[in-house]
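Worksheet: one structure, shown below.
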Amino acid sequence: GPLPQNGLWWNPGESGRGYAIEVLDNQIIMGAYMYEATGVATWYLATLIQQPNGAYTGFLNRYSGGQTLLGNYKAPGSITAIANVSLTFSSTSVGALSLQTVDSGVKRTIAIERFGFSTPPFAPPQGNFQGGMWFNPDESGRGYFIEAQGDQVIIGTFMYDSSGQPTWYTTWGTLQNGELVSGQLLSFSGGQSLD
């Protein structure tokens with residue numbers, strides 16, 4: 001199948017939930033940001049391996065017990081497989097995410113596509129800017145996904161709240177001098193859950 005583009009993906013009919021995808025050889029690292037059934041923000045992470053049929057498969061995992069936004073480093077305390085995942089792509093910017101939850105066996109397929117947020121959409125990044133998944137290898141369990149389109153930048157953060165539950169924050173802004181973006185970190189709630 002086609003090699004998907006790195007970046008933010010979503011289903012336009014399900015705003016508020018999305019997927020950060022980075023292709024590394026025959027693997028995809030996918031961060032999924034969405035909400036618990038209670039409406040609280042949560043995230044999951046998957047390392048998906050390409051199969052002979054072109055699909056990328058693996059487990060969607062939930063991490064807990066790790067470092068808060070401004071707290072001292074704390075490794076995540078647990079990792080739980082939430083769903084079996086299969087990602088397939090009909091083009092470099094259109095795909096399907098198939099999930100089967102581990103606990104209830106509920107199956108769902110979500111049409112996904114690249115999220116274009118610049119004007120025009122998908123403008124090449126300006127300046128000295130390297131997007132993708134970022135983390136401190138000495139502080140596992142917390143990370144960032146950064147994407148620039150033109151002079152617009154979105155930064156998603158994946159970490160934990162004070163009770164150790166996974167949460168995410170995001171900001172977007174205009175790239176200044178080709179190397180700086182600043183904005184308020186925002187927290188969202190009440191959106192679409194996994195199933």
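Laboratory data are not the source of any read-out in this text; all were calculated from the coordinates shown. Keep in mind that this is a model prediction, so the values were computed, not measured. Reconstructed Cβ throughout: ideal geometry from the backbone, glycine too, with neighbour counts over all protein chains shown.
Using 0.36 nm times the number of residues separating residue 91 and residue 79, minus their current alpha carbon distance, what extension gain do you get?
Here the answer is 1.1 nm.
Where in segment 175-195 does the label zone of residue 37 land, with the point 7 angstrom along Cα→C-beta and an amide N cut-off under 13 Å?
Of the residues in segment 175-195, 193-195 have backbone N under 13 Å from the label point off residue 37.
Lys and Arg at +1, Asp and Glu at -1: add these up for the other residues within a Cβ distance under 14 Å of residue 190 and post the number.
-1
Over all Cα pairs of the chain, how is the pair count split among 5 Å bins, expressed in % and running from 0 up to the last occupied bin?
1, 8, 15, 20, 21, 17, 11, 5, 1, 0
How big is the C-alpha Rg of segment 93-176 next to the rule-of-thumb value 2.2 N^0.38 Å, as a ratio?
The reported ratio for this selection is 1.37.
Could you rank the peptides 69-78, 1-10 by their average count of other C-beta atoms within 10 Å per residue, with the highest value first?
Peptide ranking by packing, descending: 1-10, 69-78.
Could you compute the FRET efficiency for residue 163 and residue 129, with r as their C-beta to C-beta distance and R0 at 45 Å, rounded to 0.05?
About 0.85, to the nearest 0.05.
Can you give the local net charge around residue 100? Use residues other than it whose beta-carbon is closer than 10 angstrom to its beta-carbon, Lys and Arg +1, Asp and Glu -1.
+1
Averaging sequence separations of C-alpha pairs under 8 Å and six or more residues apart, then dividing by the length of segment 61-177, give the relative contact order as a whole percent.
24 percent
Please label the shape of segment 25-88 as rounded, prolate or oblate, based on the square roots a ≥ b ≥ c of the eigenvalues of the alpha-carbon gyration tensor (a/c under 1.5 means rounded; beyond that, a/b larger than b/c means prolate, else oblate).
It comes out prolate by the Cα gyration axes.
Evaluate the distance, in nm, between pseudo-label points positioned 7 Å from the Cα of residue 47 and of residue 179 along their respective Cα→Cβ axes.
3.3 nm
So, by mean Cβ neighbours within 10 angstrom, what's the order for 180-189, 27-36, 83-92 with the highest one leading?
27-36, 83-92, 180-189
Which whole-number percentage describes the relative contact order of the chain, with Cα contacts under 8 Å and a sequence gap of 6 or more?
The value is 22 percent.
Once you list every other residue whose beta carbon is under 13 Å from the beta carbon of residue 117, what net charge do they have if Lys and Arg are +1 and Asp and Glu are -1?
-2
Hey, got the dipole for segment 26-120? About the Cα centre, +1 on K and R Cβ, -1 on D and E Cβ, debye to the nearest 20?
That gives a dipole near 40 debye.
Using a simple charge model, +1 on the beta-carbon of Lys and Arg, -1 on the beta-carbon of Asp and Glu, nothing else, what dipole does the chain show about its Cα centre, in debye to the nearest 20?
280 debye
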